[in-house]
Amino acid sequence: MTRDLPPLREVIAAHGLAADKRFGQHFLLDLNLTRKIARLCGDMSDATVFEVGPGPGGLTRALLEEGAGRVVAIEKDARFVAALAEIAAAFDNRLSVVEADALTVDETAIVSEGRRIVASNLPYNVGTALLIKWLEAEPVWWDRLVLMFQKEVAERVVAKVADKSYGRLAILTAARAKPRYAMSLPARAFTPPPKVDSAVVVLDPLPADQRFADIEALSLVTESAFGQRRKTLRKSLAQAAGRAGTSSEALLQATGIDPGARAETIAPQGFMDLARAWRAAKG
Ligand code: SAM
């Protein structure tokens, strides 16, 4: 069911919506592809889907066609509002558009209850910052994230210890969610094509009793450890330890981690233990 909406290329031409690099705009115009992404949301019938950066609305249409109860689209570039209003009218006003910056918007003030899913072909320049914003949210308000990243970033999100992409992003993710690499998309799937390939990652929140709460400490410890990833933890953790008035040796001893090890060999659980020891030392 495509309702009576014109093809996206016509919408873009009619409304003069040439892609603007400042907003990281690369559009998905193939509705088969956007439907595939929308289906990764699972059952959306009783949910509100937050879509960040709807642009001309390819993924937005697919979310509505695939049965989203309601879509709230957050778009920073006001040029798209008229085109999105046509989609809202075609889908019985199940779509509302909020002109805002997704980095600062309070999603729970817009929709305060019910199941909430985030789906987005993310603007590359803010993709990582948005993921971290949602991972850090406490209480966790989202039931699933379905997110398109640059492929290299997607690999960093799902990486396991010792993978070449393993680092801070994988650890922050593992502390809060269960990520799954869902699909790759070549650069040519987008208009205009970006310089690199993309991939969609699906993240489900960990149950409350398995989530690590002290993201500030975890951020600090991983920043220190991976900031100098070629060095041993004894050296690389020295600065973070100093900020808690302790030494890296003391933190490592408290957690039973070899001071001669490098960050990339320590699983997320080890960093959560280090973050707890850091917090205990800081008091
Ligand atoms: N969803 C559309 C698609 O798949 O064709 C467009 C995706 S495009 C990669 C990213 C979109 O995010 C653009 O429409 C851009 O204007 C919007 N955007 C960029 N930064 C944003 C921000 N901070 N908050 C909300 N939207 C933003």
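Quick note: the coordinates plus some simple rules give every number you see, no bench work behind them. What you see is a predicted model, and the numbers here were worked out from it, not measured in a lab. As a convention, Cβ positions derive from the backbone with ideal geometry for all residues, glycine included, and neighbour counts pool all protein chains shown.
With viscosity 1.306 mPa s and temperature 10 °C, the Kirkwood radius over alpha carbon pairs of the stretch 55-115 converts through Stokes-Einstein to a diffusion coefficient of 132 µm²/s. Extent along the principal axes, Cα only, for the stretch 156-283: 52, 34, 21 Å, with the longest axis given first. In a fully extended conformation the segment linking LYS21 and ARG180 would gain 54.4 nm over its present Cα-Cα distance, using 0.36 nm per residue. What the Cα atoms of the chain give is an Rg and a Dmax of 20.8, 66 Å. Note that the stretch 243-283 carries a Kirkwood radius of 10.3 Å, evaluated over its alpha carbons pair by pair.
Within the set LYS160/LYS195; LYS21/LYS235; LYS160/LYS282; LYS231/LYS282; LYS76/LYS178; LYS76/LYS282, which residue pairs have Cα atoms separated by over 31 Å?
LYS21/LYS235; LYS76/LYS282
Under 5 Å from the amide H of ALA73 lie the amide H atoms of GLU51, SER96, VAL97, VAL98, each residue being 5 or more positions distant or on a separate chain, with H modelled from the backbone and absent for Pro and chain starts. With the highest mean first, a sort of the peptides 13-26, 41-54 on other beta-carbon atoms found within 10 angstrom per residue produces 41-54, 13-26. The C-alpha atoms of the stretch 1-74 occupy a region whose extents along the principal axes are 34, 27, 18 Å, arranged from largest to smallest. A simple charge model with +1 on the Cβ of Lys and Arg, -1 on the Cβ of Asp and Glu and nothing else charged puts the dipole of the chain at about 1120 debye relative to its Cα centre. Seen against the Cα atoms of the chain and their longest principal axis, helix 268-282 is set at about 60 degrees. The angle separating the long axis of helix 127-136 from the principal Cα axis of greatest extent in the chain is about 70 degrees. As a rough guide to protection, the peptides 63-71, 92-100 ranked by mean Cβ packing within 10 Å, highest first, stand as 63-71, 92-100. Each peptide in 207-218, 260-271 was scored by the mean count of other Cβ atoms within 10 Å over its residues; highest first, the order is 260-271, 207-218. Sites listed here are chymotrypsin sites (Phe, Trp or Tyr not before Pro) in the stretch 157-210 whose DSSP assignment is loop and whose Cβ has at most 14 other Cβ atoms within 10 Å, and the list is empty.
One chain, two ends: ALA187 and LEU103. Fully extended at 0.36 nm per residue, the span grows by 27.7 nm beyond their Cα-Cα distance. The convex hull around the C-alpha trace of the stretch 215-282, projected and averaged over every direction, spans 3.5 square nanometres. The long axis of helix 81-90 is offset from the longest Cα principal axis of the chain by roughly 70 degrees.
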